[in-house]
Amino acid sequence: MTKTDIRHLLQRVILTALACIAYTSLMAQGDSTYTKIVTHTDMVALGGTNLLDTYLSPEKYNGSELRFISHTIRDIPGNRWQQQITHHGSIAMADDRSGDGNLMGGLYTLGYALQRPLRSSDGRWELRVGGMADFNLGMLYNSRNQNNPAQLRLSMQLGPAAAATRTFHLFGKEWQARYELELPLLGLMFSPNYGQSYYEIFSRGDYDHNAVVTTPFNAPSLRHALTIDFPLWGTTWRVGYLGDYQQAEVNHLKQHAYTHALLLGWVKKFKVTKTR
């Protein structure tokens, strides 16, 4: 398989996923005139991270990560499905055990999910269950390396996604607790093979199993968050915990990025009426 074949394969997979998303989105909109209830949250996550990429170094690196998250839920009353769109943009800096080398990383993730809400009769509980697709693009840079200082991050993941919400009253105000979970089951990622340089891949066009199918057997990963929304000073705030555990062992190479972070953000809820 040549470099052109790799590019065409990735394009077909991504275009197929986008076509399915667009089709299900149109099916979810229903009538020609509809009202969307939009819940949008902007968040900042700050915490610790543990990084490993044996293509760059056999060492594990520990440091800090700063992440910006945009989280939007679109709900059409009377419709079976909710749309969830998330954007994650993160930067990380980590050091090895000796402290004389560092690893710097950046990653952008676009997530799209369709979930069916199931609500209790009193409206206090809501369970959303469905599927998600994640598209990831980023890089890692090792300051100590000469020949292979950087590693590309490029992948797509599909899997189930769920969320549970509990509404309650405290201090005479309405609060909301939420737990969200994403579990990738099938994906496609780019990875050089053991001992293969980027010059061989992109300049010479030497393919060596660089487009790899991922499953829980070679890339067990998980992202979850526990948050609480509460009103204060005329604004609804969100605080909570984010745990993001991404890992893979492909082409005789290991990589992982484990993040534990504190979340802080603000929530806006509004209605949008559209006519097609």
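The values are calculated or read from the model by the stated rules, or taken from the named source; none is laboratory data. Computed from a predicted structure; not experimentally measured. Cβ placement follows ideal geometry from the backbone for every residue including glycine, while neighbour counts extend to all protein chains displayed. Surface areas here come from the heavy atoms of the whole protein model, side chains and all, with no ligands, DNA or RNA. Shrake-Rupley method; radii C 1.70, N 1.55, O 1.52, S 1.80 Å.
Does Ser120 meet the test of being in contact with a His (Cβ under 6 Å, 6 or more places away or on another chain) and of a type in the set (Gly, Ala, Ser)? It is false that Ser120 is in contact with a His (Cβ under 6 Å, 6 or more places away or on another chain) and of a type in the set (Gly, Ala, Ser).
Cβ separations smaller than 9 Å between residues 6+ apart or across chains give the following pairs from segment 113-141 residues that are among the β-branched types (Val, Ile, Thr) to residues that are open to solvent by 70 Å² or more (accessible area, probe 1.4 Å) and assigned to a strand (DSSP E or B): Val129/Arg116; Val129/Leu118.
Evaluate segment 95-118: report whether one residue or more is of a type in the set (Phe, Trp, Tyr) and under 20 Å from Pro184 (Cβ atoms). For segment 95-118, residues of a type in the set (Phe, Trp, Tyr) and under 20 Å from Pro184 (Cβ atoms): present. Residue-level analysis places Ser98 among those that are among the hydroxyl-bearing types (Ser, Thr, Tyr), farther than 17 Å from Gly130 by Cα, open to solvent by 30 Å² or more (accessible area, probe 1.4 Å) and outside any strand (DSSP E or B). Just one residue in the set Asp75, Asp42 is open to solvent by less than 50 Å² (accessible area, probe 1.4 Å), closer than 26 Å to Lys268 by Cα, among the charged types (D, E, K, R) and out of contact with any Lys or Arg (no Cβ under 8 Å at 6 or more places or on another chain); that residue is Asp42.
For the residues Leu170, Leu183, Leu140, the requirement of being under 18 Å from His88 (Cβ atoms), open to solvent by 40 Å² or more (accessible area, probe 1.4 Å), touching a strand residue (DSSP E or B) at 6+ places or on another chain (Cβ under 9 Å) and of a type in the set (A, V, I, L, M) singles out Leu183.
Scan segment 206-220 and tell me whether some residue there is more than 26 Å from Gly106 (Cβ to Cβ) and hydrophobic (A, V, I, L, M, F, W, C). Checked against the condition, which is being more than 26 Å from Gly106 (Cβ to Cβ) and hydrophobic (A, V, I, L, M, F, W, C), segment 206-220 yields at least one hit. Filtered by the rule that a residue be assigned to a strand (DSSP E or B), of a type outside the set (A, V, I, L, M) and closer than 19 Å to Lys60 by Cβ, segment 125-165 gives Gly138, Tyr141, Asn142, Gln151, Arg153. Glu200 satisfies every condition listed in (1) open to solvent by 20 Å² or more (accessible area, probe 1.4 Å); (2) touching a residue at least 12 places away in the same chain (Cβ under 8 Å); (3) not in a loop (DSSP other than H, G, I, E, B) except (2).
The residue pairs whose first member lies in segment 56-83 and is in a strand (DSSP E or B), whose second member is open to solvent by 40 Å² or more (accessible area, probe 1.4 Å) and of a type in the set (Lys, Arg), and whose beta carbons are closer than 6 Å, counting only pairs six or more residues apart or on different chains, are Gln83/Arg74. Is at least one residue of segment 151-166 exposed (fewer than 13 other Cβ atoms within 10 Å of the Cβ) and without any contact (Cβ under 8 Å) to a residue 40 or more places away in the chain? No, that holds for no residue.
Condition check ((1) modelled with pLDDT under 95; (2) outside any strand (DSSP E or B); (3) over 15 Å from the mean Cα position of the chain (by Cα); (4) closer than 29 Å to Asn50 by Cα) across all residues:
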residue: Thr167; (1), (2), (3), (4): yes, no, yes, no
residue: Met189; (1), (2), (3), (4): yes, no, no, yes
residue: Val213; (1), (2), (3), (4): yes, no, yes, yes
residue: Ala225; (1), (2), (3), (4): no, no, no, yes
residue: Arg238; (1), (2), (3), (4): no, no, yes, yes
residue: Gly243; (1), (2), (3), (4): no, no, no, yes
residue: Thr259; (1), (2), (3), (4): no, no, no, yes
residue: Leu262; (1), (2), (3), (4): no, no, yes, yes
residue: Lys271; (1), (2), (3), (4): yes, no, yes, no
